[in-house]
Structure formats: C-alpha cells, structure tokens
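The values are calculated or read from the model by the stated rules, or taken from the named source; none is laboratory data. What you see is a predicted model; the values in this text were computed from it and never measured. With ideal geometry, Cβ positions are generated from the backbone for all residues, glycine too; neighbour counts draw on all protein chains shown.
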Amino acid sequence: MKQVSRLLVPILLCLMVPVRAQDGERALIYPEHLREDLEVFRQALHAAHPDPYRYVTRAALDRTIDSLSRSITVPLAHERFAAAIQPLLHRLGDPNTVLEDPGVDRDWYRQQVLLLPLEVRVCEEVLVLEDELKGFGSIPPGNSILAIDGLPVGEVHD
C-alpha cells in the first residue's frame, strides 16, 4: 500500500514543479493549470491508490476535489497550492499519501536531520506518545516522554 500511494506523490509533484521567474522569485501558476493538475491528481488517485475509499466514499472524495477546484480562482505559487490540497490528503486518512517539496534534497534530509520514529502530542506541557511508527509496539501509547538523548523534554521542545 505504501509503494502504490507513494506513486501518487511523484505524479503530483511533476505537475507542481516550481517555475522560476527571471528575477528568481517563484512564479504564480494560473488557476486553469492548477485545476488541470488537480484533475490529473484525481484520476491518478482513483487509478493508483490501493484503497482511497477506506475512510471516505468516492462521491465524498470527488465532492472535496470539486470544491477545491472551484475555490482556485487566483494564480498561486506551488506552496499555496500544496497547502490547499492538504485537507484533501487528510480526508483520505492515509499517512503515506503526502506531498513532498521538490526542492528538498531527501538524501541529505534523511542523513542530517535526526528524527524519532514516534508520533507525539503535547498535552498540558507533557510530551505523550501517540504511536510508534516503526510498529514494534515496545512503548505503549499514552506514555510520557521524559527525555530524548539524555536531554529533558523541556530543553528539546519549546
């Protein structure tokens, strides 16, 4: 499921490759082009995602896409378009279907940025484990995280 849903990301990103203006600023993309990109995304989603209707019906998903398409009335930079699509991705309920910024060097990011495979939530100034993303289940959800690499959570999290 992860591999198929990750196929959707490159398809959408190919459509959203940032266009640079001559002055180095990010160019705005015309609404009709964004709507075309959204339609290609819809088709790819219906065709390639292994289970796009697990948490939402096809009709509801199509209504969400149609509503998003109608809301695009002015030119947008690709970042704004990506932000506009986020509610649609959340509606799918699939954490593996994401938009990735085409300008980020993924290899560098994976090697240089230290990430814990944990999903956490801050509740009343306490860092609480929501999920262990590797699936080992060695730390039950709901436990408080007191320190990370020997540093108290208060020093790690602002």
Answer yes or no as to whether LEU34 is of a type in the set (A, V, I, L, M, F, W, C) and modelled with pLDDT of 85 or more.
yes
Quickly run through segment 116-141 and pick out the residues that are modelled with pLDDT under 80 and within 13 Å of PRO95 (Cβ to Cβ).
PRO117, LEU133, GLY135
